[in-house]
DNA sequence: CAAATAATTGCAACAATGTTGCTATTTTTG
DNA sequence: CAAAAATAGCAACATTGTTGCAATTATTTG
């Protein structure tokens with residue numbers, strides 16, 4: 001029935017107003033959300049601390065993933081089903097659009113294989129592209 | 001003669017104590033530096049604001065480049081010669097070592113070509129790998 | 001379903017990080 | 001070396017992130 005409740009239940013998180021509201025926001029949003037977006041979008045009477053803690057536990061559980069950026073504004077986006085507690089499998093590329101400023105997950109663009117010199121042990125690779133998205137480019 | 005002075009001169013920056021000291025730090029350091037590293041390393045009597053402003057102008061001039069990360073701790077590293085005012089050409093991969101915590105520029109590892117679907121316009125691609133560096137892996 | 005237990009929230013206080021305007025100082029220029 | 005330009009330092013403030021604790025809310029158990 002209720003998709004949101006299920007997601008929380010499946011990840012062994014109590015179903016609370018705050019978590020429901022934040023998860024709803026992610027489900028309704030195309031592109032990634034910064035902490036400040038959530039603060040604005042989740043209604044006025046929302047403690048900042050709750051947002052921090054909710055985002056942390058969502059990341060931990062593999063419900064959302066953090067997208068790095070070079071301008072000190074981490075964004076978060078929903079993970080695909082393969083992610084779970086303690087492990088993320090987000091092998092897609094992210095795009096920051098310089099026109100609409102959105103950060104998008106390009107699920108169809110897979111992170112390429114990078115050849116490292118011998119001696120390195122690579123665990124995971126993040127790719128963030130800067131450019132213009134489909135919508136803004138037309 | 002003086003390498004540091006030349007770098008500043010070539011980039012049309014006044015040669016000041018602060019800039020010399022911060023540039024020296026970068027030249028002496030293997031790996032990238034965070035703002036806080038510089039604050040610690042540059043001596044006690046250093047205004048934080050000066051560091052912010054110096055880093056900004058170094059990035060603008062193409063002397064250093066910012067390395068994104070998913071944990072809100074931007075680091076900076078020296079650019080190669082091809083970088084200049086207003087344009088960066090850092091087509092190398094970055095590695096964050098989970099053992100020594102250093103962020104390294106792997107100049108020998110070139111950012112691969114990523115194929116985006118039609119409609120996107122890509123300006124630049126950042127690749128950050130997480131893993132273990134050569135030193136720590138031996 | 002109510003009581004007991006466990007988990008989460010909100011608050012307050014604080015720490016760290018980043019920004020802006022202004023004046024004093026330093027650097028560069030002529 | 002003096003005038004002009006650029007930069008540093010200071011203060012004040014805004015934003016972002018963290019921690020401990022008491023009160024509230026959710027879940028579990030009988």
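Do we find a residue being free of Cβ contacts under 8 Å to residues at least 60 places away in the same chain, more than 15 Å from the chain's Cα centre (by Cα), loosely packed, with under 14 Cβ neighbours inside 10 Å and within 19 Å of residue B:73 (Cα to Cα) anywhere in segment A:67-78? Taking every residue of segment A:67-78 in turn, at least one turns out to be free of Cβ contacts under 8 Å to residues at least 60 places away in the same chain, more than 15 Å from the chain's Cα centre (by Cα), loosely packed, with under 14 Cβ neighbours inside 10 Å and within 19 Å of residue B:73 (Cα to Cα). In this structure, is residue B:95 more than 13 Å from DNA strand C (Cβ to nearest atom), closer than 30 Å to residue B:132 by Cα and surrounded by 13 or more Cβ atoms within 10 Å (Cβ to Cβ)? Against the criterion (more than 13 Å from DNA strand C (Cβ to nearest atom), closer than 30 Å to residue B:132 by Cα and surrounded by 13 or more Cβ atoms within 10 Å (Cβ to Cβ)), residue B:95 qualifies. Contact annotation: residue pairs with Cβ atoms under 7 Å, 6 or more positions apart or on different chains, pairing a residue in segment B:1-16 that is in contact (Cβ under 8 Å) with a residue 12 or more places away in the chain with a partner that is within 12 Å of DNA strand C (Cβ to nearest atom) and assigned to a loop (DSSP other than H, G, I, E, B), are B:5/B:15; B:8/B:15.
Take the conditions (1) within 30 Å of residue A:60 (Cβ to Cβ); (2) at pLDDT 95 or above; (3) surrounded by fewer than 17 Cβ atoms within 10 Å (Cβ to Cβ); residue B:100 misses just one of them, which is (2). Residues that are near DNA strand C (Cβ under 9 Å from one of its atoms) and surrounded by fewer than 16 Cβ atoms within 10 Å (Cβ to Cβ) were ranked within segment B:40-51; the one that is farthest from residue B:74 (Cα to Cα) is B:47. In this structure, residue A:24 qualifies as under 27 Å from residue A:69 (Cα atoms) and either touching a helix residue (DSSP H, G or I) at 6+ places or on another chain (Cβ under 7 Å) or within 12 Å of DNA strand D (Cβ to nearest atom) (or both). Considering segment B:8-21, the residues that are in a helix (DSSP H, G or I) and over 30 Å from residue B:71 (Cβ atoms) include one that is farthest from DNA strand C (Cβ to nearest atom), namely B:10.
The residues of segment B:39-59 that are modelled with pLDDT under 95 and within 18 Å of residue B:8 (Cβ to Cβ), listed by number, are B:42, B:46.
The values are calculated or read from the model by the stated rules, or taken from the named source; none is laboratory data. Note that the coordinates shown come from a computational prediction; the quantities given were computed from them, not determined experimentally. Backbone-built Cβ (ideal geometry, glycine too); neighbour counts: all protein chains shown.
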